[in-house]
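Have a look at the structure below before the remarks.
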Amino acid sequence: MTTENVQHPSLIAPVGHLEPVPRRIRGTLGGRVAFDTRRALYVWERPAYPQFSIPVRDMVDAALIDEGHSELHGAGPARRHTLQVGQEVREGAAWVWEDGAPESLHGTVRFEWEALDSWFEEDEPVFVHPRSPYSRVDALSSSSNVRVELEGVVLAEAPRCVKLFETGLPTRYYLDRLYVDFTRLRHSDTVTRCPYKGTTSSYWSFDGEVATHDDIAWAYDLPTFQANRIAGMVAFLNERVDLYVDGELLPRPSRQSK
């Protein structure tokens, strides 16, 4: 693999990869527990992160209704089912693995994440998708100088930062708000969630002379414990701004998630 113009480690789990989940996994719908298991499997249907595959025998107050339609889902063929939990019905919410999928997946079901009201690892809620066991997030204090420009306008310049290293993503540079020129930014109502960092508290856009640049900066006022060093700080989307670190303009990476 070439490392030219690559500034962060690549993801390592191939599509179709399976691993056991050493955590208790629960899902709820309509105030009821749909499943409760200590025997889930990680299954990678895409390289970025896995999904949970849940043993059918560990479904609690739920029923699956076969919809008679099969598709390939990374690890192999799966048959689409409706999920019913009490009076709650979610069509197309579940995929039961069929012949052609790895044997260890037989007798398990992969749920559409949004079909459930909530997911838990042990007693802690999980948002967006499962955390990959091969991914880590490190937030490190740094004396690197960071300057952010867009359309030639300086939006921030800080003598120090917190660098957030997240597997498979570009380094994010979190800056104290003191060094951000909020007179140039417009607050946005956008909210996003990350299973590793938590829920964003603010987003900002920039209305330039050439174009409007929506949601180019964000903050986590109450991040997860693992990312607590970025609390209240502001990061800009490397992919859409001119980012100078210690005087060097970084190449813009391809578009990624935050």
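No value in this document is a laboratory result; all are computed from the given coordinates. Remember, predicted model here, so these are calculated numbers, not experimental data. Ideal geometry is used to build each Cβ from the backbone, glycine not excepted, and the neighbour counts take in all protein chains shown.
Tell me which of 142, 164, 119 sits at the most positive position along the dipole axis of the stretch 107-183, charges placed on C-beta atoms (Lys, Arg +1; Asp, Glu -1).
Value: 142.
Compute the separation of the alpha-carbon centres of the stretch 227-251 and the stretch 96-112 and state it in Å as a whole number.
First find each Cα centre; the distance between them is then 41 Å.
How big is the charge dipole of the stretch 15-149 about its Cα centre, in debye rounded to the nearest 20, if each Lys and Arg gets +1 on its Cβ and each Asp and Glu gets -1 on its Cβ?
Numbers: 15 positive and 22 negative charges, 67 e Å.
About 320 debye.
Match the structure shown to one of the listed values [x] 21.2, 60; [y] 21.4, 69; [z] 20.4, 81 of Rg and Dmax of the Cα atoms in Å, computed from it, and give that label.
Read-out from the structure maps to [x].
Just how large is the dipole of the chain about the Cα centre, in debye to the nearest 20, putting +1 at every Lys and Arg Cβ and -1 at every Asp and Glu Cβ?
580
Suppose a student asked you for the relative contact order of the chain, using Cα pairs under 8 Å spaced at least 6 residues apart; what percent would you report?
Working: 619 pairs, mean separation 35.7, N = 258.
Answer for the chain is 14 percent.
At 1.567 mPa s and 4 °C, plugging the Kirkwood radius over alpha-carbon pairs of the stretch 1-106 into Stokes-Einstein gives what diffusion coefficient in µm²/s? Walk me through the intermediate numbers first.
Numbers: Rh = 15.2 Å.
After rounding, the answer is 85 µm²/s.
Could you tell me which residue out of 226, 175, 83 lies farthest along the dipole of the chain toward its positive end? Charges go on the beta carbon: Lys and Arg +1, Asp and Glu -1, centred on the Cα centre.
226
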